[in-house]
Structure formats: structure tokens, C-alpha cells
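All remarks here apply to the structure that follows.
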Amino acid sequence: MHQEKRVLRGDTPEAHALLADGWSVIARSWGAGLLAADVDGERFRSAAAGGIPGLTLRELTADDVAAVLTLDAATANDYPGDIATAHAPLTPRSATPGAARRAWGAFVDGELVAMTFVDVDGAHHAETDFTVVAAARRRRGLGTAVKAASIATLVRDGVTTLRTGGSAENAGSLAANRSLGYVVDEEWWTLAAPVPETHAS
């Protein structure tokens, strides 16, 4: 039986009304903002340095689509948090960066091992779609480094407000974003409807 789910901000009357009606919170996620005026240039230069031998950080182009699709396929099942933070597999079209959908990658000895994709809305607002690191390369600061590189470039290009988010289950992602200056200002709940009782006949 399909269980109905809804994603709502945790501070809304509607979310609490559903809880009172027997719905349950099955996942939590967060949203955070960063203003260009609060970007610490030295912090970002340090984060983007990475400190990993053979590391190159740069903006991705259409020439990188094959590598993007390879990394995306390898990490397709690595997004926690249920429907609120689910990641749709990339297609050749959605893996191709452009003016409204920019991307940055971390390469180690020529291999793409981390990437972040950002949707740019107009001239001054950007929101991270996703950031991912190859499983064997995690916990080395690559996610922070690639995101720092993206923010530094976007701010240089005139973006003034940036947003990001993620699953509350991914403590590493939350810590990385806070280290870059993001301030968590939203909590989202994924709620599931109660499952009707079934009675044997």
C-alpha cells in the first residue's frame, strides 16, 4: 500500500495539525542562507585549497559531462532523508552546466571526485541543487572545498544571496556548510500518513 507523504516546514500549523491527526515525522531536513556581504575571503581561500596532493578545483563545462554522469551514477544511492532530499539521476542534459545551472568539480589526478551544482536565479540569487563526493574520498574536506570554490566565484560574479540545504541525517554536510558561513534558518519535516490497520478475516 502506498503511504502518503508530505514535506512541510516544521514551524507551520499545518505540520503540527498532521501530527495531531496521527501522521509521523520520518525525516528532517534544513535550509540555510549566506549573504555575499558575510563571505570571509580568507576562509574561502583556505577551504578551497583542500590540502590534497594532485587536487584541482575548477568550474565544470560541457566537456565534463561524461565524468559528471559517472560520478552521479556511482553515488546515486548516497542521498539520505527520504523525498525531501532525494536526488534524481542526472541525464546528459541536466549534467550539462550553463548560465542558469553552474557546476564546480574537484579532480584528483584527473579524476572527478566531488562536484556541486548550483541553480542561478536571475543575476543575484543562487541555490545549491546538490553536492556529492565519491565514497572513497569522503571526510577529507572535498565537499567543503568544491562548495567554497563555487561560492567564491558566484560572489565575484555578482550573486548576493545564496541558499543551500540537506538532510539532518548528514551531519558532515551540515558542519561543512556552517564552516562556510551558512546560517540554518529553516527546518523541514517529511511526514507520513498513518497506515490503516488491517484485520484478518
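Just so you know, all these numbers are worked out from the coordinates, no wet-lab data involved. The structure presented is a predicted model; accordingly, all values stated were derived computationally and were not measured. All Cβ positions, even for glycine, are placed from backbone atoms using ideal geometry, and neighbour counts span all protein chains on display.
For a quick check: sort Arg102, Arg93, Arg178, Arg137 by the number of other beta carbons within 10 angstrom, fewest at the front.
Final ranking by Cβ density, sparse to dense: Arg93, Arg178, Arg137, Arg102.
Tell me, Kirkwood radius of the stretch 16-111 from alpha-carbon pair distances, in Å?
On the way: mean 1/r = 0.0591 Å⁻¹.
Over the stretch 16-111, the inverse of the mean reciprocal pair distance is 16.9 Å.
Measure nothing fancy, just the Cα-based angle from helix 65-74's long axis to the longest principal axis of the chain, in degrees from 0 to 90, nearest 10.
40
Distance between Cα centroids, the stretch 143-195 to the stretch 72-131: provide it in whole Å.
Computed from Cα coordinates, the inter-centre distance equals 13 Å.
What ³J(HN,Hα) values, in whole Hz, does the Karplus curve 6.51 cos²θ - 1.76 cosθ + 1.60 give for the stretch 26-41 when θ = phi - 60°, with x put for Gly and Pro?
9, 7, 10, 9, 9, x, 9, x, 9, 9, 4, 5, 9, 6, 8, x
For the stretch 87-171, report the % of Cα-Cα distances exceeding 21 Å.
Tail fraction, whole percent: 30.
What dipole magnitude, in Debye to the nearest 20, does the chain give about its Cα centre under +1 on Lys/Arg Cβ and -1 on Asp/Glu Cβ?
That gives the chain a dipole magnitude of about 540 debye.
Would you mind getting the Kirkwood hydrodynamic radius of the stretch 32-184 from its Cα pairs, rounded to one decimal in Å?
Mean inverse Cα-Cα distance, inverted, gives 15.4 Å.
Which value at 222 nm does the chain reach when only helices count, each DSSP H run of 4 or more adding -39,500 (n - 2.57), with the total divided by all residues and rounded to the nearest 500 deg cm²/dmol?
-7500 deg cm²/dmol
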